[in-house]
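S.K.: Take this structure, written in structure tokens, and hold onto it; I'll ask about it next.
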Amino acid sequence: MPGPVLVPPGGLQHHVLLVALTPVLLALAAAAAAALARGPGARALTAVALIPPLTLQALFLLPHGLAQQAAGPHAGGVVRIDVIASASALLLGIWAAWRWRAEPRTWAWPLRVSLALCLPVLLLPPLTLAMEPDADARGRRWRVLAVLVLTPLAWWWPLPAMACACAVSASARSPWRSAGLIASLAAMTSSALRA
């Protein structure tokens, strides 16, 4: 007979999810600020607003940081926290911040950074559909269909489903190709280490 399980009061066990997704939320807040800002200062404001999410993502990798303290699947496997996921998210976040720094729509720059920060951490295959506007239109129906088929499988196998969805998205001619492959490789490596 199993012993009693203690659950912290006030939903404190979910606090780690909020902390893990804070860099993504900060990048989304930067997108909102960039949408509201007008004029020549909007780009500078956006650049400064992207520093905290990337810095926080880097802090997760410190010894005894979040990546080590809360390692494992959370929220039924939808959120993955470990060193591989955090390092991949940081790498992709820096890549997106550099790749889209010259984006004419200033608010789209931090949105892409938030997507890059999400890919290795948030295991939801429909998230990969956000890469489609930047992808070649050839084969789009096939990719969308494949991601939709993988979505219900994520209920039982979130890491392999997300890895497959990222690989499907990486099959398109797109600037996101390398990011999709890195996220897919990170998911499969984490899956292999957990097995």
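We did not get these values from a lab; they are worked out from the coordinates using the rules stated. Because the structure is a prediction, the values reported are computed rather than measured. Virtual Cβ from ideal backbone geometry, glycine too; neighbours counted across all protein chains shown.
S.K.: So how do Leu56, Leu117 line up by other beta-carbon neighbours within 10 Å, fewest first?
M.R.: Leu56, Leu117
S.K.: Let me ask something else. Quick one: order Ile51, Ile81 by neighbouring beta-carbon count within 10 Å, fewest to most.
M.R.: Going from sparsest to densest Cβ surroundings: Ile51, Ile81.
S.K.: Once fully extended, how much extra length lies between Gln68 and Ala42, figured as 0.36 nm per residue of separation less the alpha-carbon to alpha-carbon distance?
M.R.: Result for the pair: 5.7 nm of gain on full extension.
S.K.: A further question on this structure: Can you list the HN-Hα couplings for segment 77-88, worked out from phi with the Karplus curve (6.51, -1.76, 1.60; θ = phi - 60°), rounded to whole Hz and with x for Gly and Pro?
M.R.: Values per residue, Gly and Pro as x: x, 6, 10, 10, 10, 6, 5, 5, 5, 5, 5, 5 Hz.
S.K.: Ok, one more. Arranged by the count of other C-beta atoms within 10 angstrom, fewest first, what order do Thr189, Thr128 take? Please list the in-between numbers first.
M.R.: Numbers: Thr189 16, Thr128 29.
Least to most surrounded, the residues fall as Thr189, Thr128.
S.K.: Let me ask something else. Please list, ordered by chain and number, the residues whose modelled amide H lies under 5 Å from the amide H of Trp100; skip anything fewer than 5 residues away on the same chain.
M.R.: Correct list: empty.
S.K.: For the chain, what does the helix formula give at 222 nm: sum of -39500 (n - 2.57) over DSSP H segments with n ≥ 4, over the residue count, nearest 500 deg cm²/dmol?
M.R.: Calculated from helices alone, the mean residue ellipticity at 222 nm is -19000 deg cm²/dmol.
S.K.: Of the listed values (1) 25; (2) 19; (3) 14, grab the one calculated as percent of Cα pairs over 31 Å apart from the structure here.
M.R.: It is the value labelled (2).
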